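Worksheet: one structure, shown below.
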């Protein structure tokens, strides 16, 4: 277990999540992709913390990443609920007019 | 040595479960594959002595995925038992972007001359984290708290279709719910 | 009194002890059931033995289009979570895992029960079982947050998340004396994650047994044993975090912990027949509007006391 191997695993998690976030059509599945990307970020942050600079600051950074995930989930669920109620659908392709 | 083996097992589980999220033909399996991926990462954090954050990751992500499962089933609007769960757009470009990202990140991880370790971890990491967020990094905590509170309120406002009058009727003092 | 971590060879013994106490709880439940059925108290004492023999001789039930892997994970999850919970509880001078974050670990393991119960309900592809699984998640959303803050109170008072320190901090006064609200909420939450008594709706009679409905044979044994084991693990943790752990006169510390665990467990088992089952949606308002503010006030009181003392 070295810095490089941990970062490789984190990169793999991030890329798989990125694939999901781009390719999935259902909002909840897009959220799962985002979560997986953040999972990779957590692992990378832990690797940097342990192998480069094991100070409390790094732990605080990890705490912030976990908070970001919580906020993402809560708002994602709320928006998905709203979309579903107003359009009976939670596909991203059917909500493209929201960007106009 | 043992740490190395445990790490590789957990790493394989994390990535394989991550891939399974987008390959599974069942909403429950996809969700709990993601939970497995998070639990594996949480256990890796335990390997690098991040006990508090590792256990918190397991705690939060199991909870989130249990809730996520409900949302998947509620909103997918399909029955994966009857048709394969393949609701994707732009599969090829997405795959290309993902592979490209992985190559760039992996090259960075392997080629960048990382500096050597500076400093040593505190004897009691939990206490050092607690002191950090309550002393030198208190601004972070003070920002995180209102953000989380605002999230609760905003999510409820977005998600709830009815206000207080729908719940208790016009006469709030009577306190009787319309049935 | 310092807590030492025992080697991994003792894990089976710890597991056996947990199962033995859980079996005693099941015996008590059997005896109380026999009494309420008008039979002599002693005739129900052997219920766990008889049930085990019956269920081990029974075939597993298989359902059409069941999600077997997930079902198995869910069914095995309850007992696993209970075992992982007691791993951090100091048994007198010994503990299986002396984690620096023991309190958070207990909380994380009780969240694993969310996944386990829901998966056990989802797996068999049966309507009543799935309703049971959903009911559990609805109920869990009500009890989990009050439980988290109830667990915060002893940790704040001890100034540590390590259970050994929590026990050591109670050498003078048990935490239950000055955190009764946290203790009451904790006990209610133990009933919640054990699907027990008033919070047993997910496995209740109104859905023909809820998550239990399709489980037969070994599966049903694992679910029932898992519920009793969770109740036992919760009682052991409650005895440690609120009832002074191993502190007490004359008897050795491990025996005191056993006595306190058994007493708390007996109360939990006995209360089952005294209280009505609460539907999950009836639980939400009292949990969020009454229990949560009360337990937050409790944490505030504890924090003020700690600051004033320091």
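How many residues are in contact (Cβ under 8 Å) with a residue 60 or more places away in the chain, within 16 Å of residue C:221 (Cβ to Cβ) and over 22 Å from the mean Cα position of the chain (by Cα) when one looks only at region C:1-55?
1
Among what's in region B:47-63 and is surrounded by fewer than 23 Cβ atoms within 10 Å (Cβ to Cβ) and more than 9 Å from chain C (Cβ to nearest Cβ), pick the residue that is farthest from residue C:106 (Cα to Cα).
The qualifying residue farthest from residue C:106 (Cα to Cα) is B:48.
Would you be able to say whether some residue in region C:211-226 is more than 24 Å from residue C:70 (Cβ to Cβ), in contact (Cβ under 8 Å) with a residue 12 or more places away in the chain and not in a helix (DSSP H, G or I)? Write out each step before concluding.
Step one: list which residues in region C:211-226 are more than 24 Å from residue C:70 (Cβ to Cβ), which gives none.
Checking region C:211-226: not a single residue is more than 24 Å from residue C:70 (Cβ to Cβ), in contact (Cβ under 8 Å) with a residue 12 or more places away in the chain and not in a helix (DSSP H, G or I).
Scan (1) surrounded by 21 or more Cβ atoms within 10 Å (Cβ to Cβ); (2) in contact with a strand residue (DSSP E or B) (Cβ under 8 Å, 6 or more places away or on another chain) for the single condition residue C:254 breaks and write down its number.
(1)
Picking from B:94, B:106, B:132, which residue would you name as being modelled with pLDDT of 90 or more and surrounded by 13 or more Cβ atoms within 10 Å (Cβ to Cβ)? Show your work before the answer.
On the way: B:94 fails: modelled with pLDDT of 90 or more; B:132 fails: modelled with pLDDT of 90 or more.
Checking each option against the conditions leaves just B:106.
Please go through region B:23-35 and give me each residue that is free of Cβ contacts under 8 Å to residues at least 24 places away in the same chain and either at the interface with another protein chain (Cβ under 7 Å from one of its Cβ atoms) or buried (at least 20 other Cβ atoms within 10 Å of the Cβ) (or both), ordered by number. Reasoning before the result, please.
So in region B:23-35, the residues free of Cβ contacts under 8 Å to residues at least 24 places away in the same chain come out as B:23, B:29, B:33.
Of everything in region B:23-35, those that are free of Cβ contacts under 8 Å to residues at least 24 places away in the same chain and either at the interface with another protein chain (Cβ under 7 Å from one of its Cβ atoms) or buried (at least 20 other Cβ atoms within 10 Å of the Cβ) (or both) turn out to be B:29, B:33.
For region C:122-143, give me each residue that is within 26 Å of residue B:55 (Cβ to Cβ) and crowded, with 20+ Cβ neighbours inside 10 Å.
Here is the first cut: in region C:122-143, the residues within 26 Å of residue B:55 (Cβ to Cβ) are C:122, C:133, C:136-143.
Matches in region C:122-143: C:122, C:133, C:136, C:137, C:139, C:140, C:142, C:143.
Would you mention how many residues in region B:130-163 are outside any loop (DSSP other than H, G, I, E, B) and touching a helix residue (DSSP H, G or I) at 6+ places or on another chain (Cβ under 6 Å)?
9
Give me the pairs: first residue in region B:1-13 and at the interface with chain A (Cβ under 9 Å from one of its Cβ atoms) and loosely packed, with under 12 Cβ neighbours inside 10 Å, second residue at pLDDT below 95 and in a helix (DSSP H, G or I), beta-carbon distance under 9 Å, and six or more apart or on different chains, which are they?
Listed by first residue and then by second, the contacts come to B:3/B:47.
Are there any helices (runs of 4 or more DSSP H) wholly within chain A with 3 or more residues that are within 7 Å of chain B (Cβ to nearest Cβ), touching a residue at least 40 places away in the same chain (Cβ under 8 Å) and under 29 Å from residue B:144 (Cβ atoms), and if so which? Let's see the steps before the verdict.
Details: elements: A:3-23, A:27-51, A:56-87.
It comes to A:27-51, A:56-87.
Would you check if there is a residue in region C:87-99 being surrounded by 20 or more Cβ atoms within 10 Å (Cβ to Cβ) and at the interface with another protein chain (Cβ under 10 Å from one of its Cβ atoms)?
Within region C:87-99, one or more residues are surrounded by 20 or more Cβ atoms within 10 Å (Cβ to Cβ) and at the interface with another protein chain (Cβ under 10 Å from one of its Cβ atoms).
Among the numbered conditions (1) at positive phi; (2) in contact with a helix residue (DSSP H, G or I) (Cβ under 7 Å, 6 or more places away or on another chain), tell me where residue C:166 comes up short.
The number of the failed condition is (1).
The values are calculated or read from the model by the stated rules, or taken from the named source; none is laboratory data. Only a predicted model underlies this, so the values are computations on that prediction, with no experimental measurement involved. Every residue, glycine as well, gets a Cβ built from its backbone with ideal geometry; the counts of neighbours run over all protein chains shown.
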